[in-house]
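Novice: Sending over a structure as structure tokens; questions will come in a sec.
The values are calculated or read from the model by the stated rules, or taken from the named source; none is laboratory data. What you see is a predicted model, and the numbers here were worked out from it, not measured in a lab. The protein model used for the area step is the full one, side chains on, heavy atoms only, and it has no ligands, DNA or RNA in it. Shrake-Rupley method; radii C 1.70, N 1.55, O 1.52, S 1.80 Å.
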Amino acid sequence: MTPLIDLAGKVVTGIANEKSISTGVAEACAQAGAKLVITYQNDRTRAFIEPIIHRLGIDDVFLLDVTRPETLDAAFAAIEARHGKLDFAIHS
């Protein structure tokens, strides 16, 4: 199936777990050409996204806990260093 839009060159984050709507949206974005980056809050939430990371072959996985500003700064710095920007985040 041909994607309705071209997201080539876009960088997207926002996967919560294997069954979340955001995961389906992120997968559709990837099929449209977007690069997926994944963030997680802690080891427990990392466990939720591990199957997705492996299934989709995602290389960019970053700790990002909004209650710890240093992780926010570090994640965005790493995303910027690798991709130059983050185009949008999915939240559902």
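Novice: Taking the Cα centroid of segment 48-62 and of segment 11-33, what is the distance between the two, rounded to the nearest whole Å?
Specialist: Cα centroid to Cα centroid, the span is 11 Å.
Novice: With a 1.4 Å probe and all protein chains kept in place, how do Glu70, Glu18, Glu50 rank by accessible area, largest first?
Specialist: Glu70, Glu18, Glu50
Novice: If Asp60, Asp73, Asp87, Asp43 are ordered by their accessible area, calculated over protein heavy atoms with a 1.4 Å probe, which sequence runs from highest to lowest?
Specialist: So the residues, ranked largest to smallest area, are Asp43, Asp73, Asp87, Asp60.
Novice: Turning to a different aspect of this structure: Please list 3J(HN,Hα) in residue order for segment 74-83, calculated via the Karplus relation 6.51 cos²θ - 1.76 cosθ + 1.60 where θ = phi - 60°; whole Hz, with x for glycine and proline.
Specialist: 5, 5, 5, 5, 5, 4, 5, 5, 7, 10
Novice: Ranked from the most accessible area to the least, with a 1.4 Å probe and all protein chains present, what is the order of Phe48, Phe62?
Specialist: Greatest to least solvent exposure: Phe48, Phe62.
Novice: A further question follows. Excluding ligands, DNA and RNA, what is the solvent-accessible area per residue of the chain at a probe of 1.4 Å, expressed in Å²?
Specialist: On a per-residue basis, 62 Å².
Novice: Report, ordered by chain and residue number, the aspartates and glutamates lying within cross-link reach of Lys19, taken as a straight Cα distance under 16 Å and ignoring same-chain residues fewer than 8 apart.
Specialist: Within the straight-line limit of under 16 Å, Lys19 reaches these aspartates and glutamates: Glu27, Glu50.
Novice: If you don't mind, another one. Percent relative contact order of the chain, based on C-alpha pairs within less than 8 angstrom and at least six residues apart?
Specialist: 34
Novice: Moving on to the next point. Once amide H atoms are built 1.01 Å from N in the peptide plane, which residues 5 or more positions from Val61, or in another chain, come under 5 Å H to H?
Specialist: Under 5 Å from the amide H of Val61: Ile38.
Novice: Here's another thing I want to ask about it. Between [x] 19, 15, 11; [y] 34, 18, 10; [z] 21, 16, 10, which entry matches semi-axes √(5λ) of the Cα gyration tensor in Å as derived from the coordinates of this structure?
Specialist: Comparing each candidate, only [z] matches the computed number.
Novice: Which value, in Å² and to the nearest 10, is the accessible area of Lys10 when all protein chains are kept and the probe is 1.4 Å?
Specialist: 80
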